[in-house]
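A short worksheet on the structure shown next.
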Amino acid sequence: MGKLLVRLFVKDYKNTKDPDVRHRYGKLAGIVGIISNFLLSAVKIIAGIICGSIAIIADGINNLTDTSSSLITFMAFRLSELPADKRHPYGYARIEYIAGLCVSITIIVAGIFILYSSAGKIIDPPFLEFDNITIALLIAAVFVKLWQMVFYMYMGKQIDSITLIASGADSRNDVITTTAILIGIAITSLTGLQLDGYLGCAVALFVLWSGIRLIIDTSSPLLGEAPSAELIKSISDIVRSHKGVLGIHDLVVHNYGHGKIFASMHIEVDADTNLLESHDMIDNIEKDVTQKLGIHFVAHMDPIKTSDPVIETVRAVIEKTISRLDNVQSIHDLRIVPGPTHTNVLFDVLITHQCSLDQETIKAEIGEDLYKASDTYIAVISFDKTYAEI
């Protein structure tokens with residue numbers, strides 16, 4: 001059914017890399033969610049009023065919040081289409097992340113409401129009477145929500161949308177909620193035990209836990225999470241495939257939303273190569289990465305001396321030192337500046353986020369070994385941190 005809706009209402013649906021196609025996916029998911037959640041909410045609230053069950057009414061109100069979440073999703077995909085402007089030069093694609101956060105917050109609000117209402121029913125348990133029509137409606141609601149979950153997850157994976165995946169998780173919560181209510185009805189019918197309030201509390205705690213997890217997942221891109229290992233490898237492989245690249249470092253990736261990824265990198269080239277040839281190679285690399293990965297890529301050219309025996313000797317000393325230091329990855333931008341009384345050895349040290357050594361310890365280790373090589377050497381070190389090995 002979900003695939004059929006996509007084929008009917010999403011033009012050029014296979015081309016999910018196209019921003020326009022992606023927006024159509026998102027808006028379709030929002031409209032489907034608004035209609036289906038509103039109908040489910042109305043059915044459950046009416047059924048809950050008829051049989052006097054707070055758990056069913058709470059479940060219906062939870063679906064009502066799902067309707068507002070679907071509206072948020074729809075508006076987010078509409079707004080993310082807005083072009084870049086003076087105040088937001090990188091566009092509005094991050095609105096999708098904000099929408100995912102809003103959906104997560106509505107889940108938590110619904111969980112708090114259900115917990116409060118259910119606690120009251122534990123203190124003062126009501127007499128519940130269920131008819132076959134009510135039970136049939138709840139069973140139908142489970143299947144609708146199950147379809148909704150599959151639909152949202154499918155749509156979210158097709159366009160890599162954290163907002164739609166969050167909506168799918170919310171639908172999964174509703175399946176569990178309504179199933180718990182049906183189990184409670186069966187137990188009450190067989191034993192006479194009134195478990196409505198207890199089941200409502202259990203459902204509320206699950207919904208709250210799910211909402212908190214979703215807030216963590218949806219807020220991570222807004223905080224600026226590290227790029228995926230796959231993206232790092234793809235960039236590195238493309239750059240290294242060009243003849244004349246001696247080394248790469250200082251990869252920085254900024255994500256401003258789907259299709260709005262900006263990356264920069266330093267590329268080492270032979271200092272003795274013609275400057276115009278090296279510059280042309282850097283231009284070709286920038287175009288290659290941009291075309292193949294669909295990201296905005298800028299490269300900085302670092303010329304290094306490959307035929308200076310002094311530099312190579314110093315490099316060998318430093319690399320031997322860092323080889324025994326845990327999570328100290330490499331050095332780059334090595335330069336030697338001689339003076340009348342001492343020689344400055346300037347370079348950057350690349351460390352991982354897992355490095356437990358403080359920078360002063362690393363400086364002392366390298367400085368001591370350089371001093372042994374020549375008492376005129378003074379290490380001038382800058383530190384970089386890397387996402388992953390490139």
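Coordinate-derived values only; no laboratory data. A quick note: this is a predicted structure, and the numbers were derived from the prediction, not measured. Virtual Cβ from ideal backbone geometry, glycine too; neighbours counted across all protein chains shown.
I need the shape label for region 2-223. Rule: rounded when a/c is under 1.5, else prolate if a/b > b/c, else oblate, with a, b, c from the alpha carbon gyration tensor. Here region 2-223 falls in the prolate category.
The dipole here belongs to the chain: it is taken about the Cα centre, uses +1 on the Cβ of Lys and Arg and -1 on the Cβ of Asp and Glu, and is about 1620 debye. Name the most mobile residue of Arg324, Arg335, Arg24, meaning the one with the largest mean-square fluctuation, in a Gaussian network model of the chain with Cα contacts below 10 Å. Among Arg324, Arg335, Arg24, the largest GNM mean-square fluctuation belongs to Arg324.
Take the Cβ atoms of Leu346 and Ala119, set R0 to 51 Å, and the FRET efficiency comes out at 0.20.
Within the chain, what is the longest stretch that has no chymotrypsin sites (Phe, Trp or Tyr not before Pro) placed in a DSSP loop and near at most 15 other beta-carbon atoms within 10 Å?
128-390
Placing unit charges on the Cβ atoms of the charged side chains and taking the dipole of the chain about its Cα centre, the candidate lying farthest along the positive direction among Ile50, Cys201, Leu350 is Ile50.
The residue among Tyr97, Ile135, Gly211 whose Cα reaches farthest toward the positive pole of the charge dipole of region 2-223, with charges on the beta-carbon of Lys, Arg, Asp and Glu, is Tyr97. Note that region 148-162 has calculated 3J(HN,Hα) couplings of 4, 4, 4, 4, 5, 5, 4, 5, x, 6, 4, 10, 6, 10, 5 Hz, one per residue in order, obtained from phi through the Karplus relation 6.51 cos²θ - 1.76 cosθ + 1.60 (θ = phi - 60°); glycine and proline are x. Counting only Cβ charges, +1 for Lys and Arg and -1 for Asp and Glu, the dipole size of region 2-223 around its Cα centre is about 840 debye. Taking θ as phi - 60° and the Karplus parameters 6.51, -1.76 and 1.60, the scalar couplings of region 321-334 work out to 5, 6, 5, 9, 9, 5, 6, 9, 8, 6, 10, 7, 6, 6 Hz in sequence order, x denoting glycine and proline. In this structure, the residue pairs whose Cα-Cα separation is over 31 Å, taken from Lys44/Lys260; Lys11/Lys287; Lys14/Lys44; Lys86/Lys305; Lys121/Lys145; Lys292/Lys385, are Lys44/Lys260; Lys14/Lys44; Lys86/Lys305. Put in line by how crowded their Cβ is, counting other Cβ atoms within 10 Å and starting with the fewest, Thr177, Thr273 read Thr273, Thr177. Taking the helices alone, the chain has a mean residue ellipticity at 222 nm of -21500 deg cm²/dmol, built from -39,500 (n - 2.57) per DSSP H run of at least 4 residues and averaged over all its residues.
In order along region 249-260, phi translates into HN-Hα couplings of 6, 6, 6, 10, 10, 10, 10, 9, x, 4, x, 10 Hz, rounded to whole numbers, per the Karplus curve 6.51 cos²θ - 1.76 cosθ + 1.60 with θ = phi - 60° and x for Gly and Pro.
Extension gain for Glu319 to Arg7 (0.36 nm times residue separation, less C-alpha to C-alpha distance): 106.6 nm. Dipole of region 229-386 (Lys/Arg Cβ +1, Asp/Glu Cβ -1, origin at the Cα centre): which of His249, Ser323, Gly259 lies farthest to the positive side? Working it through, the farthest residue towards the positive pole turns out to be Gly259. Sorted fewest first by neighbouring Cβ atoms within 10 angstrom, Glu268, Glu319, Glu230 come out as Glu230, Glu319, Glu268. Taking the chain as a Gaussian network of alpha-carbon nodes connected by springs under 10 Å, the highest mean-square fluctuation of the residues Ala140, Ala226, Ala99 belongs to Ala140.
Rounded to the nearest 20 debye, the dipole size of region 229-386 about its Cα centre is 320 debye, using +1 on the Cβ of Lys and Arg and -1 on the Cβ of Asp and Glu. Just one of [x] 1.03; [y] 1.12; [z] 1.39 is Cα Rg over 2.2 N^0.38 Å calculated from these coordinates, so which is it? Working out Cα Rg over 2.2 N^0.38 Å from the coordinates points to [z].
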